[in-house]
Amino acid sequence: MLIVRGVLALAMVLCGMVVMARMLAMLPAGLAVLPGVVLAAAMIALGAHRLFLIARAWRST
Amino acid sequence: MSSKAKSRGPDLRRSVTPWGSFSWGYSDVGADIFVGLGLVLAWAAGASNVAFLFAGVVYVCIGLAYTELASTYPVAGGGQYFVMRGLGDIFGFIAGWAVLLDFTIDVTLFAWSSVDYTSQLMPALVNSIHPWLHFIVVLGLVLALCLLNVIGVRESTAFNGFVSALDVLSETLILCLGFLFAFRPALLVHAMQFNWPSPYQLMLGTSLAIVSFVGLESISQAAQETQRPASVIPRTSVSLILTILIFALAYSNLALGLHPWHPIADAAGHPMQFWQIFPHDSDNQGKAVALLAAQVPYYGALAALYVPVLGAVLLLISSNSGVFGSSRIAYAMSNSNLLPSIFQRVNRKFRTPAISIVFFSTIAVVELVFAAAPALYPSVASLYARFFHGENGLGFLADLYAFGAATSYSFVFLGLIALRLRDPLSPRKFKIPLNVPMRWRGERVEFPVIAVIGFIGIFSILIFTLRTHPLGRIFGPSWLLLGIALYFVYRRHRRLPLFGSQQRDWRAAQVEILRSSGELELMDEYVANVKASDARRATRPV
């Protein structure tokens with residue numbers, strides 16, 4: 001179960017990084033990129049937070 | 001022993017695990033995006049992601065408030081209990097009555113949307129083609145859920161956990177593959193720049209976006225059945241809040257920037273963006289996630305087959321949570337003398353609150369009739385078109401859902417602020433961040449800034465709802481006025497204060513709450529805080 005959750009969290013981080021890179025490439029469009037950038041940042045943050053929790057649980061088992 | 005004490009049933013067993021607590025909340029709130037996405041895309045168009053972002057920020061504030069309150073006061077009464085304890089009986093009643101409106105709408109709205117998702121695989125159930133069949137199937141589902149709850153069959157925590165896990169996995173796959181293979185940032189920017197809605201439409205879209213985040217009552221309901229809730233609830237709730245938020249933001253951004261796998265064209269053959277299939281087609285609005293999943297390259301072929309089924313099952317679980325949730329809230333309100341004792345009555349044969357379940361299911365059926373009437377009778381449709389901007393069934397239910405949620409959440413924020421000031425002695429293992437230390441009536445308290453921000457946000461959504469929803473503007477306040485009138489009649493009959501509150505020993509109640517939840521260290525800390533506070537008061541010069 002931990003491995004599945006770890007893969008999902010990793011996928012979330014990677015997806016967030018892809019969205020971030022693609023939204024930043026559209027930066028000249030101005031404020032319209034903001035919701036996409038917020039989403040990407042949130043995906044990376046949540047994925048990283050979950051990976052941290054999973055790593056902690058992994059060490060304790 | 002009083003007759004009331006005799007009538008009390010056995011206490012709820014605390015056996016829900018952290019994952020069980022998460023999946024309980026997820027199966028309730030997680031289903032909301034299946035309903036909310038299409039409605040918001042229909043109205044907020046190119047600003048749908050902004051509408052979700054605004055509602056999402058408010059939702060995070062609400063989620064943090066519920067997490068703090070549910071871990072401090074782990075009782076099943078939820079928002080109604082927190083508000084009653086912080087602001088008094090009448091405000092507790094109003095908050096609880098608004099939650100009851102939401103639960104009854106929950107039953108109908110999610111059963112309705114469950115049938116919409118099923119119609120993706122069974123076109124005979126499409127509402128605009130066979131409105132009577134659609135109505136009969138939704139009615140059948142509501143009645144079946146009522147019957148199942150009366151005889152005492154509830155979906156198990158394990159089943160909830162399985163469906164939630166499958167849904168989290170599926171939604172993550174849809175989003176990851178969608179963003180990797182079908183997302184075009186240029187399309188998103190184009191939609192935002194050239195299809196920005198009018199202020200009225202943006203307000204309407206934002207008020208509908210809150211529909212995607214309703215159901216946080218489940219956090220407090222799970223708290224009642226979780227062992228050591230003060231430790232477990234913050235962990236699972238924060239995870240739940242972030243997951244739901246990211247799914248909502250991701251779906252709205254993906255929908256606006258999606259390059260469809262199969263080209264979409266209007267009646268004249270002109271190519272359309274994906275989100276443009278929602279504004280003028282209420283059938284599509286009810287099954288947006290299934291339509292989006294089918295447009296994801298490669299995976300879409302498989303997703304088109306099972307996402308409608310998964311959505312329908314998740315929505316049905318959420319509908320069921322409305323049936324037993326309403327009876328549970330009514331039980332708690334009745335226990336606090338806010339509703340007549342008939343709502344506490346347990347059926348001898350089935351040992352369930354049958355009267356309560358049947359009562360609120362009947363209200364759900366009445367709401368269904370109002371929602372379905374325009375599709376069933378053309379004369380009613382013209383009446384709705386003339387007086388209510390021609391709202392469809394889904395729109396009518398979403399109106400009331402948004403109204404009930406915005407009303408009850410507004411009171412919960414006020415309740416949180418009041419409890420921080422009036423009950424600083426209860427140990428809070430989780431506190432929402434950003435607090436201002438101050439002194440209040442001789443005690444050191446922390447004023448929650450986030451609660452003020454959240455209140456302003458949710459109150460503005462309530463104003464948006466009243467401003468932009470012609471049906472919600474009439475039926476929502478009418479529901480509250482009817483409830484307040486019944487409350488006054490009941491309280492007068494029982495010779496209880498109408499505007500004031502009944503005398504209660506909150507200190508003893510708090511000790512009992514912490515003891516029964518297994519939070520013995522917190523109970524000791526609370527007793528020590530109370531003794532120290534009393535000692536300080538005794539030595540203070542008069």
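Where a number appears in this text, it was derived from the coordinates with a stated rule and is not lab data. Computed from a prediction, not measured in an experiment: that's the story for all the values here. Here the Cβ is made from the backbone with ideal geometry for all residues, glycine too, and neighbour counts use every protein chain on show.
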Please report how many Lys pairs in the protein assembly as shown have alpha carbons closer than 23 angstrom, counting only residues at least 8 apart along the chain or sitting on separate chains.
4
Note: B:Ala535 to B:Val511 extended length (0.36 nm per residue) minus current alpha-carbon separation gives 6.8 nm
Distance between modelled label sites at B:Leu169 and A:Met1, nm, 7 Å Cα→Cβ extension:
1.3
Using a 10 Å cut-off around each Cβ, can you sort B:Leu425, A:Leu53 from fewest to most neighbouring Cβ atoms?
A:Leu53, B:Leu425
Which FRET efficiency value, to the nearest 0.05, is calculated for B:Leu180 and B:Arg351 with the Förster distance at 41 angstrom and r the Cβ-Cβ distance?
0.20
Could you line up B:Lys349, B:Lys429, B:Lys287 from fewest to most neighbouring Cβ atoms inside 10 Å?
B:Lys349, B:Lys429, B:Lys287
Mind pulling the angle between the C-alpha long axis of helix A:34-60 and the longest principal axis of chain A? Nearest 10 degrees, somewhere in 0 to 90.
10
Give me B:Val289, A:Val38, B:Val449 sorted ascending by neighbouring Cβ count inside 10 Å, so fewest comes first.
B:Val449, A:Val38, B:Val289
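Treating the beta-carbon of each Lys and Arg as +1 and of each Asp and Glu as -1, no other charges, what is the dipole magnitude of the protein assembly as shown about its Cα centre, to the nearest 20 debye? Provide the component values of the computation, followed by the final result.
Working: 43 positive and 29 negative charges, 459 e Å.
Around 2200 debye, computed over the protein assembly as shown.
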Taking each residue of A:36-44 in turn, how many C-beta atoms of other protein chains fall within 10 Å of its C-beta, and what is the average?
6
Go ahead and collect, in residue order, the members of segment B:45-81 whose backbone nitrogen is under 19 Å from a label point 7 Å along the Cα-Cβ direction of B:His270.
B:45-47
Asserting the computed 222 nm helical MRE of chain B (DSSP H runs at least 4 long, -39500 (n - 2.57) per run, divided by residue count, to nearest 500) equals -23500 deg cm²/dmol
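Between B:Ser379 and B:Gln502, what length in nm is gained on full extension when 0.36 nm per residue of separation is reduced by their alpha carbon distance? Before the final figure, lay out each step's value.
Details: separation 123, 0.36 × 123 = 44.28 nm, distance 4.91 nm.
Working it through step by step, the gained length comes to 39.4 nm.
Within chain B, which complete DSSP H helices have Cα atoms spanning at least 18 Å along the helix axis and a mean Kyte-Doolittle hydropathy of 1.0 or higher?
On the way: long enough: B:48-72 (35 Å, 1.38); B:89-119 (44 Å, 1.02); B:131-150 (28 Å, 2.27); B:157-177 (30 Å, 1.41); B:229-256 (40 Å, 1.50); B:299-335 (51 Å, 1.10); B:354-376 (32 Å, 2.16); B:393-422 (43 Å, 1.22); B:449-468 (29 Å, 2.28); B:470-493 (35 Å, 0.59); B:520-539 (29 Å, -0.40).
Both cut-offs are met by B:48-72, B:89-119, B:131-150, B:157-177, B:229-256, B:299-335, B:354-376, B:393-422, B:449-468.
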Chymotrypsin sites (Phe, Trp or Tyr not before Pro), restricted to segment B:246-336: which are DSSP loop and have at most 12 other Cβ atoms within 10 Å?
B:Tyr298
Value of Rg/Rh across segment B:296-442 [Cα atoms, Kirkwood radius]:
1.10
